[in-house]
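So the structure is just underneath, and the comments pick up after that.
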Amino acid sequence: MSLKNRSKREAAKKKPQKEIMVLFSREADLDKNRVAITDGFGMEAAESGNSVVIGNENCDVSISILLPSMGEDEKNFIGNQKNAVCGFFSQVQECNEDIKINLCHHIQQTKAYIYIEMEARDSQVKLEDDVDVVRDIMWDVAGAVEGVLIVDQGTVALGIVDEEAVVILDGNGDSDLDAYFPFVLDKNPKFLEACTEKQRARRMKNMKYLFDKGIYVCELPLNQDEDMAVLRSKEEVACRALGLMVVALYSECMLNPEEHMSVEEARKFITKVKDNYGIEKLEEILSPEEFNYIQNDNPDEMTKIQYSWQYENLYVLEWVLGLTEWNDPVELCDVPLMVRNMQEFHSVEDICAKTVMRTPAEILDKADLIYRMDWAAVDARIHRMSGPAGLEHGVVQERHKTLNWMINFGEDEWDDVATPT
């Protein structure tokens, strides 16, 4: 059943005497919004003004167009309305999460707020038929201005996709769509004028990859051109990889219900691991915070879990060393494989001699990609949604940290590496 038929059936039950609809429009030009509305109703276009008034023997229809450029009050009001509508849809349960988050991104990107109010002229008037007519017209207007029409007391989002009128999402989690991605990649935004060709190519490749997967990301700063970047050396990578493996193994020994080692037993275990690689002191491969953790006689459970995540960071460094292939961060890495890969070597020198690091271009490409993925994952989490396209936020975050360390982001050492989005 189409929503138009369904809405008529539901409207017949409600018999409204007043109806409110809201259209969020991507069109920032007042005249173009007004013309889209008057064209939709078959009226002559008004030459000026931000309102359109229509009426018949049953009801009055008043349509007002607001733009952020009209003033600070209007700007704040529109922002609040966007947040309120997105807040409602972000809480819808049992729905396609990607449709939900992309609907919210679409609404937040709109440039105009169009308020439609219908009111019956007489308490005896049955308004439902007129509501359906206005709703259908404004549905078409939404297509003309690449907008989203919100109806049924703010609980249903309507739009035009591939020239078809569709329910994007309703409060019950229903949608006419399998996917919703109303965004077009800007191939040459103005800020790229100050960037090198290599930076522009990297940004374009990664943004296209994300858009093709249905992951919306706003424009973000670019990392350095590979001709200027100073990356970590192979020896630094090898030492850091061993340190990550040791601290993760230490945590696993205590967390694994089959092993359930004491702190002292776990220390003895990683001492053997250290010795197998010819490391004299753990301080040679551990960061200060990692070393303090291992020296703590009573680490809490959350700290153990936190350090067990270091396998995800190890995965990135094994990719850098050419020991594994890159997979999108949608699931946890293969922990036994990460450990087996490192067991092929017996020292830092052996790792350096037997591996070939990825090129600076490859490393910077992935650092840029994971930065964008982390933005998308963090944005989803802020709105209490799951990561788009199945992104696993914890995995994304650890990869982001490791790649920022690789490219010397902020020139910080491991414990202080930031992952701003």
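Being modelled with pLDDT under 95 and among the hydrophobic types (A, V, I, L, M, F, W, C) is a condition met by no residue of the stretch 65-85.
Restricting the search to strands (runs of 3 or more DSSP E) fully inside the stretch 53-172 and requiring at least 2 residues that are on the phi > 0 side of the Ramachandran plot, exposed (fewer than 15 other Cβ atoms within 10 Å of the Cβ) and outside the structural domain of SER386 (by TED's automatic domain parsing) gives an empty result.
Each residue in the stretch 173-218 was checked for being surrounded by 14 or more Cβ atoms within 10 Å (Cβ to Cβ) and acidic (Asp, Glu), and 2 pass. All of (1) within 22 Å of LEU231 (Cβ to Cβ); (2) at pLDDT 95 or above; (3) surrounded by 15 or more Cβ atoms within 10 Å (Cβ to Cβ) hold for ASP350 with one exception: (3). Checked against the criterion of being closer than 22 Å to SER233 by Cα, surrounded by fewer than 16 Cβ atoms within 10 Å (Cβ to Cβ) and not polar (S, T, N, Q), the stretch 259-280 contains one or more residues that satisfy it.
Scanning the stretch 362-388 for residues that are surrounded by 15 or more Cβ atoms within 10 Å (Cβ to Cβ), of a type in the set (A, V, I, L, M, F, W, C) and over 30 Å from ASN276 (Cβ atoms) returns LEU364, ALA367, LEU369, ILE370, MET373, TRP375, ALA376, ALA377, VAL378, ALA380, MET385. For the stretch 102-116, the criterion of being of a type in the set (A, V, I, L, M) and either more than 25 Å from the chain's Cα centre (by Cα) or modelled with pLDDT under 95 (or both) is met by at least one residue. Considered as a group, the residues in the stretch 2-50 that are modelled with pLDDT of 90 or more and of a type in the set (Asp, Glu) include one that is farthest from the chain's Cα centre (by Cα), and that residue is ASP39.
Identify, please: which residue in the stretch 199-257 is of a type in the set (Phe, Trp, Tyr) and touching a residue at least 60 places away in the same chain (Cβ under 8 Å) and is, among those, farthest from PRO388 (Cα to Cα)? If you could, list the steps in order and put the result at the bottom.
Filtering the stretch 199-257 for residues of a type in the set (Phe, Trp, Tyr) gives 209, 211, 216, 250.
Now restrict to residues that are touching a residue at least 60 places away in the same chain (Cβ under 8 Å): 209, 216.
Working: TYR209: 14, TYR216: 8 Å.
Selected residue: TYR209.
Say whether the condition of being in contact with a Ser or Thr (Cβ under 9 Å, 6 or more places away or on another chain) and closer than 27 Å to PRO360 by Cβ is met by at least one residue in the stretch 200-221. Don't jump to the end; show me each part of the working.
To start, the set of residues in the stretch 200-221 that are in contact with a Ser or Thr (Cβ under 9 Å, 6 or more places away or on another chain) comprises 220.
Those still in the list that are closer than 27 Å to PRO360 by Cβ too: 220.
Yes, the stretch 200-221 contains a residue that is in contact with a Ser or Thr (Cβ under 9 Å, 6 or more places away or on another chain) and closer than 27 Å to PRO360 by Cβ.
Scanning the stretch 226-249 for residues that are β-branched (Val, Ile, Thr) and buried (at least 17 other Cβ atoms within 10 Å of the Cβ) yields VAL237, VAL246, VAL247. Counting only helices (runs of 4 or more DSSP H) that sit wholly inside the stretch 332-421, those with at least 1 residues that are closer than 14 Å to ASN223 by Cβ and basic (Lys, Arg) are 360-382. For TRP405, the requirement of being without any contact (Cβ under 8 Å) to a residue 60 or more places away in the chain and of a type in the set (Phe, Trp, Tyr) is not met.
The values are calculated or read from the model by the stated rules, or taken from the named source; none is laboratory data. Computed from a predicted model, the values in this text were never measured in an experiment. Glycine also receives a Cβ, built like all others from the backbone with ideal geometry; neighbour counts cover every protein chain displayed.
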